[in-house]
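Peer 1: Input: one structure, supplied below.
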Amino acid sequence: EEVEQTYIMIKPDGVQRGLVGEIISRFERKGFKLTGLKLFQCPKELAEEHYKDLQSKTFFPKLIDYITSGPVVCMGWEGVGVVASARKLIGATNPLNAEPGTIRGDLAVQTGRNVVHGSDSPDNGKREIVWSSAFELLLDMNETYIRI
Ligand code: DAT
Ligand code: MG
């Protein structure tokens, strides 16, 4: 098992609904290490780059409007197996299919308002964290964090 980086983003609905603390708390309690965090208004170009794999989908314009509709919370998280584990904590894309106990399963009902993003592979984790050079990423923070 390798130490990985993942990019987690609380989407505008999560920020507006006051779920920032709740969501951060779940990653902290799990034992992962927070390496960067910023409240950020995502420009359209960055949103389009971030979701470029979905460009051909009919929902793409709506997705870009949603992600740019208000501030998001950008975060880097680090840990052994963090990419897959974060996806488990987040739950299925459609919140109605997400298990209770997951963020989407507990806190959301609509695919288009599913409160949080998590990288889907270690490579995308690296790509998306580079993408977010818009915020300060403190990769060499002290070692006082509990790691699992
Ligand atoms: P995930 O966010 O679980 O990685 P994804 O990468 O397939 O899911 O899609 C990115 C986002 O796009 C997703 O969180 C919400 C939106 N989306 C995906 N499928 C959709 C659909 N069928 N209708 C509307 N929005 C959709
Ligand atoms: Mg995805």
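The values are calculated or read from the model by the stated rules, or taken from the named source; none is laboratory data. The structure presented is a predicted model; accordingly, all values stated were derived computationally and were not measured. Cβ placement follows ideal geometry from the backbone for every residue including glycine, while neighbour counts extend to all protein chains displayed.
Peer 1: Mind listing whichever residues of region 39-54 are without any contact (Cβ under 8 Å) to a residue 12 or more places away in the chain and within 13 Å of ligand 2 (Cβ to nearest atom)?
Peer 2: The answer is K52, D53, L54.
Peer 1: Of all residues in region 10-50, how many are modelled with pLDDT of 95 or more and either surrounded by 17 or more Cβ atoms within 10 Å (Cβ to Cβ) or assigned to a helix (DSSP H, G or I) (or both)?
Peer 2: Looking only at that region, the number is 20.
Peer 1: OK, next. Condition test on V83, is it touching a helix residue (DSSP H, G or I) at 6+ places or on another chain (Cβ under 6 Å), within 12 Å of ligand 1 (Cβ to nearest atom) and on the phi > 0 side of the Ramachandran plot?
Peer 2: Working: touching a helix residue (DSSP H, G or I) at 6+ places or on another chain (Cβ under 6 Å): yes; within 12 Å of ligand 1 (Cβ to nearest atom): yes; on the phi > 0 side of the Ramachandran plot: no.
Against the criterion (touching a helix residue (DSSP H, G or I) at 6+ places or on another chain (Cβ under 6 Å), within 12 Å of ligand 1 (Cβ to nearest atom) and on the phi > 0 side of the Ramachandran plot), V83 does not qualify.
Peer 1: Got at least one residue in region 91-113 being closer than 20 Å to K126 by Cβ, buried (at least 18 other Cβ atoms within 10 Å of the Cβ) and either among the acidic types (D, E) or within 14 Å of ligand 2 (Cβ to nearest atom) (or both)? Before you say what the answer is, go through the steps one by one.
Peer 2: First pass over region 91-113, keeping only residues closer than 20 Å to K126 by Cβ: none.
No.
Peer 1: Please determine whether any residue of region 86-95 is at pLDDT 95 or above, touching a His at 6+ places or on another chain (Cβ under 9 Å) and part of a strand (DSSP E or B). Show your work before the answer.
Peer 2: Our first condition is that a residue be at pLDDT 95 or above; within region 86-95, this holds for 86-95.
Within this subset, residues satisfying the condition of being touching a His at 6+ places or on another chain (Cβ under 9 Å) are 90.
Those left that are additionally part of a strand (DSSP E or B): none.
No, region 86-95 contains no residue that is at pLDDT 95 or above, touching a His at 6+ places or on another chain (Cβ under 9 Å) and part of a strand (DSSP E or B).
Peer 1: Would you confirm whether or not region 124-143 contains a residue that is modelled with pLDDT of 95 or more, within 10 Å of ligand 1 (Cβ to nearest atom) and surrounded by 13 or more Cβ atoms within 10 Å (Cβ to Cβ)?
Peer 2: no
Peer 1: Now a separate question. Can you name the residue in region 51-87 that is charged (D, E, K, R) and surrounded by 14 or more Cβ atoms within 10 Å (Cβ to Cβ) and, of all such residues, is farthest from G14 (Cα to Cα)?
Peer 2: Looking at residues that are charged (D, E, K, R) and surrounded by 14 or more Cβ atoms within 10 Å (Cβ to Cβ), I get E78.
Peer 1: With the structure loaded, tell me whether E128 is of a type outside the set (G, A, S), under 24 Å from E28 (Cβ atoms) and away from ligand 2 (no atom under 16 Å from the Cβ) or whether it fails that test.
Peer 2: So E128 does not fit the description; no.
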